[in-house]
Every structure is written in C-alpha cells, then in structure tokens.
Amino acid sequence: MSSEKERDYERCRSIIGALCEGDDDQIAKMASIVGVLHNEMNDFFWTGFYRVVGGRLVIGPYQGTVGCLRIEIGKGVCGMAAAVGETQVVENVHDFPGHIACDGRSQSEIVVPVKDERGEVIAVLDVDSVKKGAFDELDRKCLEQILTHVWRGR
Ligand code: SME
C-alpha cells in the first residue's frame, strides 16, 4: 500500500522525467521541477533553487513569496546543505541555529543538494512548509531520486 504522498511523488517523478528528458539548460530544468512540485505536492509553501555562483548561493527559479537573493555557503539550512553536500531535514526551523527566515510563516524545511556528474554541488533545492514536521525520510528519498535522475541520468 502506498501513501498519498508516495503517489504524489510518483506522479511528479514521471511528469518531471518527461519534461526534462534531453534538455541540458539548468534554469529550464530547475523551473520545470519547481513548477511541478509546487503545484502537485501538498504543504509545499515555498519551493525553489539556490545556485552555486562564485562561491555563494544565488536564488534561482522558485514559486512562493519573495526569497532572499543570496546566501553564504555554510549559513542557514541552504548554506549548510551546500557546504556538507547532504540533505537537511528540519522539523522546526526555529530550532536550527542560523536559520534564515525569508518568510516568517515557514515552520519546517527540507534542502536537497543538486550534484553534477563529478559529485560537485551546483545548487540546492529548498522546500518550506507552514506546518511543523512536514518533511521526513520519504521526502528526502523521493526528492533525492528526482534530482539524481534529472542531473545524473540514473
Ligand atoms: N530558510 C532558508 C533560506 C531560504 S528561504 O526560506 C526561501 C535557510 O535557512 O537556508
């Protein structure tokens, strides 16, 4: 028996796979992923990418309220995910030291690194929810799968 969330991710995976197949433009792929996830998933209040540009994170395609334009690597949840190259699942953003509040309504957050073929972090996908504890291991697994498929073809 699969959960509603699993079925939603399954649908997103297939739409995103079809949309991004064969496209090598980074922004086009990011914009398409955000457009699908933000509209198909429940509880995705802010959905967007930060790209690694000149040693900092710079905002990329997103949907939701206005996000901060730049984040230092190592700062906040996004900067931490980029620095360590590992997904960060934050149940309560108020408990995360250095969390950057772009919209005070956000309560929980997941940030997944995007890696190129060499394993270098080129961006992070950030999703915020207004609910506490909205993201768990299933979100981590499914979002990592989607990004790995789009950027590394497996
Ligand atoms: N909360 C993030 C910053 C980005 S926004 O929420 C859009 C962080 O702490 O990295």
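Key figures
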{"item": "Mean accessible surface per residue for region 4-152, computed with a 1.4 Å probe while every protein chain stays in place, in Å²", "result": "48"}
{"item": "Probe 1.4 Å - accessible area at residue 72, Å² to nearest ten", "result": "80"}
{"item": "Accessible area of the chain belonging to carbon and sulfur atoms, whole % at 1.4 Å probe", "result": "48"}
{"item": "Computed [θ] at 222 nm, deg cm²/dmol, the chain (DSSP H ≥ 4; -39,500 (n - 2.57); rounded to nearest 500)", "result": "-12000 deg cm²/dmol"}
{"item": "Gain upon complete extension [residue 149, residue 25; 0.36 nm per residue less C-alpha separation]", "result": "43.1 nm"}
{"item": "Principal axis dimensions, largest first and in whole angstrom, of region 107-154 by Cα", "result": "35, 18, 12"}
{"item": "Compactness index (Cα Rg / 2.2 N^0.38 Å), region 71-137", "result": "1.07"}
{"item": "Quarter of Cα convex hull surface for region 28-87, i.e. mean projection, nm²", "result": "4.3"}
{"item": "Summed side-chain charge close to residue 92 - residues other than residue 92 whose Cβ falls under 10 Å, Lys, Arg +1, Asp, Glu -1", "result": "-2"}
{"item": "Sum of side-chain charges, residue 58 neighbourhood, beta-carbon under 12 Å (Lys, Arg +1; Asp, Glu -1)", "result": "+2"}
{"item": "Candidate lysines - alpha carbon under 26 Å from residue 75, same-chain residues fewer than 8 apart omitted", "result": "29, 115, 131, 132, 141"}
{"item": "Solvent-free Debye scattering, log10 I(q)/I(0), computed from the Cα coordinates of the chain at q = 0.11, 0.13, 0.14, 0.17 Å⁻¹", "result": "-0.37, -0.52, -0.61, -0.93"}
{"item": "Selected from 112, 32, 57, residue furthest toward positive end of dipole (the chain; charges at beta carbon)", "result": "57"}
{"item": "Label point 7 Å beyond Cα of residue 5 along Cβ direction - residues of region 35-75 with amide nitrogen under 15 Å", "result": "41-45"}
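The values are calculated or read from the model by the stated rules, or taken from the named source; none is laboratory data. The model shown is predicted, which means the values in this text are computed figures rather than measured ones. Virtual Cβ from ideal backbone geometry, glycine too; neighbours counted across all protein chains shown. Heads up: the accessible areas ignore ligands, DNA and RNA and are worked out on the full protein's heavy atoms, side chains in. Shrake-Rupley method; radii C 1.70, N 1.55, O 1.52, S 1.80 Å.
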